[in-house]
1. Keeping to the range 76-91, report how many residues are under 16 Å from D52 (Cβ atoms) and either surrounded by 13 or more Cβ atoms within 10 Å (Cβ to Cβ) or free of Cβ contacts under 8 Å to residues at least 24 places away in the same chain (or both).
2. So if I check each of C71, C100, C85, C81, which one is part of a loop (DSSP other than H, G, I, E, B) and modelled with pLDDT of 85 or more?
3. I'm trying to understand the selection: among the residues of the range 1-56, which are of a type in the set (D, E) and at pLDDT 60 or above?
4. Filter the range 43-68 down to the residues that are in contact (Cβ under 8 Å) with a residue 24 or more places away in the chain, not polar (S, T, N, Q) and not in a helix (DSSP H, G or I) and list them by number.
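The values are calculated or read from the model by the stated rules, or taken from the named source; none is laboratory data. Since the structure is predicted, the reported quantities are computational estimates derived from the model, not experimental observations. Backbone-built Cβ (ideal geometry, glycine too); neighbour counts: all protein chains shown.
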Amino acid sequence: MRKFWLIAVIILILAGLYFFLGNKIGNRGNDSELMDRSGGNITPIVANNYGDKIVYDTANARTPAPFIKDCSARGGVFKECGNPCPSDAEACVAVCVYTCEDIAKP
């Protein structure tokens, strides 16, 4: 009987840690845009720049708003589901990424 209670207590402790740590790690706040630690907006990170097309790094993205703003400032067309490859690529993976395409040349 002692063994049963010991196992039950261990399971409850592990479940509590799972939920507590899961909420702490998974909760990055309820900000509506990308924010830096001081609370100011940050510029989206560019993963690849192909000249007429930019592929954004969306690892910390909450909303496309800062990406749309950045793309508009570059004179491009924002796509929420663009592909990550250059225009002249022979093959490309089928994934959706934020891109800024048809960027006007200066």
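1. Residues in the range 76-91 being under 16 Å from D52 (Cβ atoms) and either surrounded by 13 or more Cβ atoms within 10 Å (Cβ to Cβ) or free of Cβ contacts under 8 Å to residues at least 24 places away in the same chain (or both): 11 in total.
2. Result: C85 is the single residue among C71, C100, C85, C81 that is part of a loop (DSSP other than H, G, I, E, B) and modelled with pLDDT of 85 or more.
3. D52
4. P44, A47, Y50, G51, D52, K53, I54, V55, Y56, A61, R62, P64
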